[in-house]
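I have placed the structure first, in the form of structure tokens, so that the comments after it can refer back to it.
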Number of protein chains: 2
Amino acid sequence: MKFEVTILGSSSATPIFNRNPSAQALNINEHLYLIDCGEGTQQQMLRFDVKASRIDHIFISHLHGDHYLGLVGLLSSMHLNGRHKPLKLFGPPELMEIINLQLKYSETTLQYPIDFTATHTDNAEVILENQDITVESIPLDHRISCTGFLFREKKRLRKIIKEKIAELDIPVEYYSAIKKGADYVSPAGKLHKNLDITISSEEPKTYSYCSDTLYNEKYFNQIRNSDLLYHESTFLNNMLERAQSTNHTTALQAGQVALITGAKKLVIGHFSARYKTLNELLDEARSVFPDTELAIEGRTFVIGK
Amino acid sequence: MKFEVTILGSSSATPIFNRNPSAQALNINEHLYLIDCGEGTQQQMLRFDVKASRIDHIFISHLHGDHYLGLVGLLSSMHLNGRHKPLKLFGPPELMEIINLQLKYSETTLQYPIDFTATHTDNAEVILENQDITVESIPLDHRISCTGFLFREKKRLRKIIKEKIAELDIPVEYYSAIKKGADYVSPAGKLHKNLDITISSEEPKTYSYCSDTLYNEKYFNQIRNSDLLYHESTFLNNMLERAQSTNHTTALQAGQVALITGAKKLVIGHFSARYKTLNELLDEARSVFPDTELAIEGRTFVIGK
């Protein structure tokens, strides 16, 4: 099953040429899930061939503009482009009020329903479950209410060993039950134990998205052992005080989060516009956690690879 | 006095790669006036070196997203970049409600005051007057309340003929009065009539910004003899019905507006995303009004040239 994330934007609030504010497109089994939607996300989607028509889920972490100011434009474009299928939207409770006010004054009635789920920061919650994944909100520690999102693949079915299918001539009608763990009894009455004719599929993978937040152990347990951890890294550690006063994280701290929580791989982003080049941020995070990469617009990370 | 306009965005609501929604930066005597502020305007300002710190006036024509969704991001960036001087904002009455709601939920108190003037569509009004210009709202005919803006240079002072200054040794303290029309009496008591020692300065120029609107004669009188007319031109004339049903104008009609109102030059913009190239739109407008140009991102038009 495809499980990968494409970076659409990686900058923090103050604009910088050629970096866009936060947005990521997650491809889960060929369905697109959009995480945050900073201003200009639609242009980035056009640039990197992320089709709005394939997005059925949008997650907004919080109501600072660099994380959602592209949303109303995207919702309007979906409307103008003839969308009718429902859209599931997740974000702070006040988000719908903002959207509805803007739609009201543009006298727009969307042609498709928005199914809104409010996120909260008092407790982690499962906010979505479908055949491919579960999604949990991750309460973070920011200046205003902010949640990250934890995408967890569902346990996949076992795989039938190809050679056994041929050898035992297993009829196709049995595949589904065997993949779910059933034994197989041949027409001659011989029992073949499930473990002898199947192998385990890959372990389910997890993707944790943590932006924006102060370094705070309260969310460490929830994101433990992420196959891919995206963590904000607004400043270098020589600006630790500024990071703390603005409820942000330094690159060094992002590396520490990855190390302590046992992430397999770390991607850092949400870079302050003061950093024209990002090498120092990368080096600093890697000094603690070597398997770190930069969230650069257009890069795609396969989760678990 | 500098009087020129730089196109920052020229597309209509549905996004298209490499065209941005409506925004223009007007340079009047080295002060910047922003007209409309579609999503991504900040990136365009960075691209074309339009400094936000030099903008003291912003005009929003109406509350369709492609004309204002970049505004809250820009206001926030001005705040983050330490602005303290006031900003004059002009737009539909509901605009401040939208801004205030978004600032409220991001828990942002701007460090600078916004001096807001509501525009109305019942009558044209002078909404700004300063030493360089007057600005009038132009009631247009769109699906929701929408005004254009007419920028009119003030009559400039007369210029003292250089040779007369030398010949008569006119003291510098008299310049201001003479420029305003006073005669000059030399220390020896000789009268020099103002008309003999000065020349008229250039005629004041006007710039009319008309977007979005149905072709409607009601605003023709007000924009008569514009030195530069910007007029929306969303469709080709073979889509006239669509233009009419969405309260927009075709390229042919934009040419007709320029012709009928006696514009010196026409710039067309607000192009539908269906037009990947713009030549046909340009040709159509030029078939009626030859001195037509395309609003292309990054182009600067000197008003009156």
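The values are calculated or read from the model by the stated rules, or taken from the named source; none is laboratory data. Just so it is clear, the structure is predicted and the values come from calculations on it, not from any experiment. All Cβ positions, even for glycine, are placed from backbone atoms using ideal geometry, and neighbour counts span all protein chains on display.
Structure values in brief
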| read-out | value |
| --- | --- |
| Every residue from the stretch B:44-68 that is within 21 Å of B:S137 (Cβ to Cβ) and not acidic (D, E) | B:I55, B:H57, B:I58, B:F59, B:I60, B:S61, B:H62, B:L63, B:H64, B:G65, B:H67, B:Y68 |
| First in the stretch B:264-289 and among the basic types (K, R), second anywhere and surrounded by fewer than 19 Cβ atoms within 10 Å (Cβ to Cβ), Cβ under 6 Å, 6 or more apart | B:K265/B:D291 |
| Inter-residue pairs, beta-carbon under 9 Å, first within 12 Å of another protein chain (Cβ to nearest Cβ) and without any contact (Cβ under 8 Å) to a residue 60 or more places away in the chain and in the stretch A:81-101, second among the charged types (D, E, K, R) and assigned to a loop (DSSP other than H, G, I, E, B), 6+ apart | A:L101/B:E94 |
| Matching residues, the stretch A:9-31, being more than 13 Å from chain B (Cβ to nearest Cβ) and in contact with a Ser or Thr (Cβ under 9 Å, 6 or more places away or on another chain) | A:S10, A:Q24, A:A25, A:L26, A:N27 |
| Flag for A:G91 being in the same structural domain as A:K51 (by TED's automatic domain parsing) and crowded, with 18+ Cβ neighbours inside 10 Å | yes |
| Failed condition for B:N100, given (1) part of a loop (DSSP other than H, G, I, E, B); (2) closer than 18 Å to B:G73 by Cα | (1) |
| Residue selected from the stretch B:129-146 under the condition farther than 18 Å from B:L95 by Cα and in contact (Cβ under 8 Å) with a residue 60 or more places away in the chain, by the criterion surrounded by the fewest Cβ atoms within 10 Å (Cβ to Cβ) | B:D141 |
| Residue match in the stretch A:36-57 (condition: assigned to a strand (DSSP E or B) and in contact with a Cys (Cβ under 8 Å, 6 or more places away or on another chain)) | no |
| Matching entry among B:S208, B:S200, B:S226 (being within 17 Å of B:H62 (Cβ to Cβ) and among the small types (G, A, S)) | B:S208 |
| Evaluation of A:H84 against (1) farther than 23 Å from A:K51 by Cα; (2) exposed (fewer than 14 other Cβ atoms within 10 Å of the Cβ) (one fails), failing number | (1) |
| Matching residues in the stretch A:128-143 - criterion: being in a loop (DSSP other than H, G, I, E, B) and either touching a Pro at 6+ places or on another chain (Cβ under 8 Å) or closer than 16 Å to A:I35 by Cα (or both) | A:L140 |
| Candidate set from the stretch A:37-80 (those that are crowded, with 17+ Cβ neighbours inside 10 Å and of a type in the set (F, W, Y)); member that is nearest to the other protein chains (Cβ to nearest Cβ) | A:Y68 |
| Scan of the stretch B:144-154 for residues that are under 18 Å from the mean Cα position of the chain (by Cα) and assigned to a loop (DSSP other than H, G, I, E, B), ordered by number | B:C146, B:K154 |
